[in-house]
Each structure stands twice: as C-alpha cells, then as structure tokens.
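Inspection log for the structure reproduced underneath, given as structure tokens.
The values are calculated or read from the model by the stated rules, or taken from the named source; none is laboratory data. Keep in mind that this is a model prediction, so the values were computed, not measured. We place every Cβ from the backbone using ideal geometry, glycine too, and count neighbours over all the protein chains shown. SASA here: full protein model, heavy atoms, side chains in, ligands and nucleic acids out. Shrake-Rupley method; radii C 1.70, N 1.55, O 1.52, S 1.80 Å.
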Amino acid sequence: GAIPPWYERPNVWVVLVLLALTFTVGAVVTDVSIRALLENVDRTRPMISNLLDPDWSITGRVVEKLIETVFLALMASALSLPFAFVLSFFGARNLTRGSAWGRLAYALARMFMNITRSIEPLIWGIIFIVWVGVGPFAGMLALFIHSVAALGKLYSEAIESIDPGPVEAIQATGARPLQVVRFGIVPQVIPPFLSLTVYRRDINVRMATILGLVGGGGI
C-alpha cells in the first residue's frame, strides 16, 4: 500500500502534541515574557552607555589580568593532558571489556570523570582557595581537575570510535598490549585528540574569566 502523508499518521500527531506540551510547560516554568523583554529595554541604556565609555585609567591592571587569565587556561590545559590521556584508556569500553579487572577499571574511571565533571570550576575554585589560598594557583588547580575529567571523557569516546581493523592486525602479529596501543590506537586518535585539546583550551579561557569571582585569579 501507499505510504500515507505525514498529517494522516497518528504517531506524528502524538509527537507534535508532546513537543507542544513540552515547550508550553517549559515557557511557564522559565517564566518567558516577551512583554517584559520589550517594555524594559530602556533599562539597558545606562549599561550600554557605560560599556561605550570605559575607564581607561585601569588599562594596565586589565591587561595584567588578561594575561593572567590566558596563562591560567594554558597551564591548566597543558598539565591536564598527560593525566587525561592515561585516564582515557581506562575509560574506553572497547579496551577494557576483555577482563573483570578491565571492567572494574572502566567503571572506576567513568565514575571519577562523571563526578569530577559534575562539580563546576567555581566550586573547585572555592575548594582550592581554602586549600592553597587566594590567588591564580587555586584557579589553575580548579581548571586542571575539571579539565582532566572532561578531556578524559572526550578522549575515551574518541578511542571507542576507532577502527578495530588495525588493532586486530597488530594483535595477530603477537604484539604486546603496549605495542598495540602505540601502533594501533595512538595513530588513529591523534587528530581527534588535538582538536579536542584546542577546544578544551578555549573552554578554559572562558572559565578562567570568571574564577576571579571567588578569588581564583584572572580578570
């Protein structure tokens, strides 16, 4: 038989009704108000005016803090790389499902990454400020611990998506596990690892700009 058009399919209407209901409830919960958006636009004029007329007398201090922000992100990203690299191999399901110890390592690695990533860098910043004191070192540590977990997860997902063919071919030659990783896995994951690292560095720069709110350095 001929396929009926979309408007004659009951499942399509069910999906549309659910979507409409979801967005209606979401608008109510988030208190969406187009009227308030349009009526209160005059309140932004003083803020915009101040943004267009900055205080140039603090330029030197701003530049200093901008440099500090960039290096906060750079140091946190660089120091997190080796830890995230090693952690990612334990968090990759295709490498750890062969034995009970491997599955345990996978569960522990994933649990560590999920718990660590669920804590915002601002909270990590408060923790490290109590630990090492107010300053950029606390902010760098906050970004570092969050970056290890985030990069570890991204790296492990890249490892899980590799082509198993080269790995199986190297294993067939009798290569040791470390040789399989070096010659069968690492060459495949270098490009995605590089792109994910640059992406994470950009995220750290943005995060470093607000760590100063809790005394973690940066602008």
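For ALA150, neighbours were defined as the other residues whose beta-carbon sits under 14 Å from its Cβ, and their charges (Lys and Arg +1, Asp and Glu -1) total +3. Once the chain from GLN171 to VAL41 is taken as fully extended at 0.36 nm per residue, the excess over their C-alpha distance is 40.3 nm. Using every pair of distinct Cα positions in the chain, the Kirkwood expression returns a hydrodynamic radius of 21.7 angstrom. Residues MET47, MET75, MET113, MET207, ordered by accessible area of protein heavy atoms at a 1.4 angstrom probe radius and largest first, appear as MET47, MET75, MET207, MET113. Each Cα pair under 8 Å and six or more residues apart adds its separation to the average, and for segment 155-206 the resulting relative contact order is 47 percent. For TYR155, TYR7, the ranking by accessible surface with the largest value first comes to TYR7, TYR155, using a 1.4 Å probe.
Per residue, the chain exposes 66 Å² of solvent-accessible protein surface, assessed with a 1.4 angstrom probe and all protein chains in place. Solvent exposure of VAL28, expressed as accessible area, is near 110 Å², computed with a probe of 1.4 Å over the protein chains only. Extension gain for THR30 to SER57 (0.36 nm times residue separation, less C-alpha to C-alpha distance): 5.7 nm. A crude spin-label estimate for the pair PHE112 and ILE67, with each label 7 Å from Cα along the Cβ direction, gives 3.6 nm.
Across segment 1-125, the relative contact order, built from alpha-carbon pairs under 8 Å that are at least six residues apart, equals 9 percent. Evaluated over the Cα positions of segment 102-214, the convex hull gives a direction-averaged projected area, one quarter of its surface, of 8.2 nm². Can you give me the % of accessible surface on segment 1-152 that is carbon or sulfur? Probe 1.4 Å, all protein chains present, nothing else counted. Exposed carbon and sulfur together represent 72 percent of the surface. The charge dipole of the chain, taken about the Cα centre with unit charges on the Cβ atoms of Lys, Arg (+1) and Asp, Glu (-1), comes to about 600 debye, rounded to the nearest 20. Applying a length cut-off of 18 Å (Cα extent along the axis) and a mean Kyte-Doolittle floor of 1.6 to the DSSP H helices of the chain leaves 10-29. Take every pair of alpha-carbon atoms less than 8 Å apart whose residues are at least six positions apart; their mean separation over the length of segment 54-184 yields a relative contact order of 32 percent. Applying Stokes-Einstein at 20 °C and 1.002 mPa s to the Kirkwood radius of segment 45-104, computed over alpha-carbon pairs, gives a translational diffusion coefficient of 135 µm² s⁻¹.
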